[in-house]
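Remarks on the structure that follows.
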Amino acid sequence: MALRAQDKNPFAGDAKAAKLGESQFRANCAFCHGLGARGGGRGPDLSRAQKRHGNSDAELFRTINEGVPGTAMPPNGATQQGVGMTEEEIWQVISYIRSVQAKAPAQAVGNVAHGKELFYGSAACSTCHMIQGKGGRLGPDLSTTGSARSTDYLVESVRNPSRRLAQGISEAMKEFSQEYETVTVVTAEGTKFMGVVLNEDHFTLQMMDTREHLHLFEKDKLRSLEKSRESLMPAYDQKTLSDKDLQDVLAYLLAVGAQ
Amino acid sequence: MKRETMNGAIEERFRASLGMTHLLVSALVFLALVSGAEPSLHAQVTPQRLVDSAKEPQNWLMYSGDYAGRRFSALEQINTSNAARLVPKWAYQTMAGGKFETTPLVVDGILYGTGQDNRAFALDARSGRPIWQYQRALPADIRPCCGRVNRGLAILGDKVFLGTLDAHVIALDAKTGSVVWDVTTVDYSKGYSITLAPLAIKNLVIIGVSGGEYGIRGFIDAYDAATGERKWRFYTVPGPGEPGHETWEGDSWKIGGAPAWITGTYDPATNTTFWTTGNPSPSNRGEGRAGDNLYSNSLLALDPETGKLKWYFQFSKHDDHDYDATQVPVMVDQGDRRLILQANRNGFFYLIDRTNGKLVFANPFAKVTWSDSKDANGVPVARKDASPTLEGNRVCPGAAGATNWMSPTYDPQTQLFYVTAREQCDIFSTAPQAYEAGHAYYGSAYFPNDDAAPFTGALRAIDPNTGKMKWEWKHPSPTWAGALSTAGGLVFTGDAEGNFIALEAASGKALWHFQCGASVYSSPMSFAIDGKQYVAVAAGSALLTFGLP
């Protein structure tokens, strides 16, 4: 079947194909995107109506088949690395995704403008996070987060940032991405730096301190090195950021992500 | 070396096309002999040379270095006192993407390796310069489960042997890379592929297949090295009327998996070859294949001349966690005991009597939750509630295993067994699917569990007498690199962060490391030329060699 050439899913609306696609999805995609396609540690929420890398059948097919350069999304076609799905199986997966995705683009329930004010103002998100080139560097750039992550994930990331640390650099052949772990080092001269791990291996550490300075260390030359999975980001409780204000911030993230 | 190569080439060309006078041939042979201090470059590897591989430690004649599968080099020029001074000597780039898993062979100054997408190459082992390069034109619809990989060649006579992703076995002329013969083992479109390095025994080339993720029926084949004629086939899933067939429900045996995708070992003393097998299909769903599912996840003792089964030992019965037993079965002798050591993907280290397949003991070498009891023979038994569920069931080790295909090594000097361990638990969730020929057939999903701590890895030194760990070298994240031990008191391994590392074999202390620039997905080896020892490892698209300055 020469399915790839077409722009439309030949199984569109086919419930049986969607069911087969669910099995394929669980076997091939759930590892990153979660069992229900609601997003996982590194894979975006696919139940969103809008997909960052294109939402048409043809674009979804391309994304699955060829992967997304510069991201952790690998090519999944049969002629690529990995187990590989046939064209038919990829269309089935698309049928499944269509069956679980929201009917309409997520609507911001909060106030976008106020969310932006909070982001750059009293909530101080921009101290560490950047959106479209403006903001801090210590935490992940949030320009596309709103289009990729489920609301649940975003809420959890604000209320309990240490629960699941955000993922940083993903190297081509390395299975696991670096996470935003907290690190405190004391150099041989006795200078102390605290910050986030940008990358590390057994012998070296690449970090950014809280003043956004990069430090590159050979571990055996340090007086001490302590890593922690307690995020440098404070947990925003109700007192710091009310549910309503949080909704506004999420609305802003969503609006930015949709651009 | 150059002069002799030319002499050899001239001699052959004259012989082939001109019909040489006896006198001239003699003169040329004499010329070749006077340069005899240099290695012979005729690549004539007799079966006896393979048996006696210990007599030529400068060469690496098979995937695991010797028939015992020890991945031990008797070379000691690079040792604990000078390893810190190791430097890169040369690199060879395949320029291919994906995992580069090869262990090259070295025979008399020539290095033979394989690359992604069924590349093969012969290099001047002194300089890394290619002598010939081969790449198979693969069909577009091959189904390698886990990358377009290959782990290496076998050599016998004047040929090297390659298993292909479209399930062929190919003999290449060791001097030119020309195809001498090419046989189809089975129809690849059903999900079969070959990724392992074949094993040459006597006049035979023994090979197994991959495809446990596609509902194949696994087998091990032997081919006549001279002609490519198939001499025997051992189905790792017994057919009707054969012993073990009753361990499969209904027709499930037809798609029962049990691929044999890692190179076996060979005991010339008893003329027995040992092969290991992978998961039953579907890999993570036991429903529909009630029974032990022989000979999945097993160690098989076969007669290399007939393919007849002498005995078997099954590590994980009726497996639904993808615990392939495809780890090199390492032969070790301790006093009167003739043993096989295997650190299994299921997290247990097994000591097995290789004369009869009886278990001596099994001890965990990594975190294990799938089993909490043993049967009367000491064989670990699966917990009833360890199976995948629809909602997901957290089990250790995860689907990639406590170890995998990356080679372990046994060092006869320290008498320790070194294995790459992965500490990763997964959530196993069923994903029922119907069998369809050539389609992925897992019956489940798995994904990393929600543990707060990240997954880690380690190279562990295990005392085979007790199964206890003597030391470990911790990796920041799990790795797919194997290990090499050497008479220089060293163990070499790699990590996912791209380091190639030399450790002191006795203590695990790091003596040297080199950043290769990509995760190491291969097992290192060592060779010597001109009296200089090299250590080689594949990483990224480069085969790298190291030596003393």
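The values are calculated or read from the model by the stated rules, or taken from the named source; none is laboratory data. Just so you know, these numbers come straight off a predicted model, no measurement behind them. Ideal geometry is used to build each Cβ from the backbone, glycine not excepted, and the neighbour counts take in all protein chains shown.
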Practice item. For residues that are over 21 Å from residue B:460 (Cβ atoms), in contact with an Asp or Glu (Cβ under 7 Å, 6 or more places away or on another chain) and part of a loop (DSSP other than H, G, I, E, B), tally how many sit in region B:375-416. Key: 3
Practice item. Go through region A:119-146 and count every residue that is over 19 Å from residue A:39 (Cβ atoms), out of contact with any Phe, Trp or Tyr (no Cβ under 8 Å at 6 or more places or on another chain) and either in contact (Cβ under 8 Å) with a residue 60 or more places away in the chain or not in a loop (DSSP other than H, G, I, E, B) (or both). Key: 8
Exercise for review: Filter region B:432-457 down to residues that are at pLDDT 85 or above and closer than 19 Å to residue A:181 by Cβ and give me whichever is nearest to the other protein chains (Cβ to nearest Cβ).
Suggested key: B:455
Check your understanding: Restricting attention to region B:381-393, which residues are at pLDDT below 95 and touching a Ser or Thr at 6+ places or on another chain (Cβ under 8 Å)?
Key -> B:388, B:389, B:390, B:391, B:392, B:393
Review point. Checking residue A:182 against (1) facing another protein chain (nearest Cβ under 9 Å); (2) more than 30 Å from residue B:101 (Cα to Cα); (3) in contact with a strand residue (DSSP E or B) (Cβ under 6 Å, 6 or more places away or on another chain), which test does it fail?
Key: (1)
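Conditions (1) surrounded by 12 or more Cβ atoms within 10 Å (Cβ to Cβ); (2) within 30 Å of residue A:149 (Cα to Cα); (3) in the same structural domain as residue A:155 (by TED's automatic domain parsing), marked per residue:
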| site | (1), (2), (3) |
| --- | --- |
| A:187 | yes, no, no |
| A:192 | no, no, no |
| A:214 | no, yes, no |
| A:238 | no, yes, yes |
| A:251 | yes, yes, yes |
Review point. Can you name every residue in region A:185-226 that is assigned to a loop (DSSP other than H, G, I, E, B), within 24 Å of residue B:513 (Cα to Cα) and more than 14 Å from every other protein chain (Cβ to nearest Cβ)?
Key: A:187, A:188, A:222, A:223
**Study point:** Residue selected from region B:75-104 under the condition small (Gly, Ala, Ser) and surrounded by 19 or more Cβ atoms within 10 Å (Cβ to Cβ), by the criterion farthest from residue B:408 (Cα to Cα)
**Key:** B:98
Review point. Is there any pair with a first residue in region B:208-221 that is closer than 15 Å to residue B:238 by Cα and a second that is among the aromatic types (Phe, Trp, Tyr) whose Cβ atoms are under 7 Å apart and which are 6 or more apart or on different chains, and what are they?
Key: B:215/B:435; B:215/B:441; B:216/B:192; B:217/B:235; B:219/B:234; B:219/B:235; B:220/B:234; B:220/B:275
**Study point:** Qualifying position, being more than 10 Å from chain B (Cβ to nearest Cβ), buried (at least 18 other Cβ atoms within 10 Å of the Cβ) and at pLDDT below 85, among A:34, A:21, A:39, A:70
**Key:** A:39
Check your understanding: Pick from region B:119-145 the residues that are touching a residue at least 12 places away in the same chain (Cβ under 8 Å) and within 14 Å of chain A (Cβ to nearest Cβ): which of them is surrounded by the fewest Cβ atoms within 10 Å (Cβ to Cβ)?
Key -> B:139
Check your understanding: Restricting attention to region B:349-359, does a residue exist that is in a loop (DSSP other than H, G, I, E, B), assigned by TED's automatic domain parsing to the domain that holds residue B:463, of a type in the set (Phe, Trp, Tyr) and closer than 23 Å to residue B:469 by Cα?
Key -> no
Practice item. Quick one: residue B:476 ticks every box in (1) facing chain A (nearest Cβ under 8 Å); (2) of a type outside the set (A, V, I, L, M, F, W, C); (3) over 22 Å from the mean Cα position of the chain (by Cα); (4) under 20 Å from residue B:369 (Cα atoms) except a single one, so which number is it? Key: (4)
Check your understanding: How many residues are of a type in the set (A, V, I, L, M), touching an Asp or Glu at 6+ places or on another chain (Cβ under 7 Å) and surrounded by fewer than 18 Cβ atoms within 10 Å (Cβ to Cβ) when one looks only at region A:126-172?
Key -> 1
Review point. Which residues, taken from region B:356-373, are basic (Lys, Arg) and within 12 Å of residue B:423 (Cα to Cα)?
Key: B:367
**Study point:** Given (1) under 21 Å from residue A:175 (Cα atoms); (2) within 14 Å of chain B (Cβ to nearest Cβ); (3) surrounded by 20 or more Cβ atoms within 10 Å (Cβ to Cβ), number of the condition residue A:75 does not satisfy
**Key:** (3)
Exercise for review: Search region B:97-147 for residues being of a type in the set (A, V, I, L, M) and assigned to a loop (DSSP other than H, G, I, E, B), and hand back the single one that is nearest to residue B:56 (Cα to Cα).
Suggested key: B:125
Check your understanding: Under the condition of being surrounded by fewer than 19 Cβ atoms within 10 Å (Cβ to Cβ) and under 21 Å from residue A:205 (Cβ atoms), which residue from region B:493-510 is nearest to the other protein chains (Cβ to nearest Cβ)?
Key -> B:510
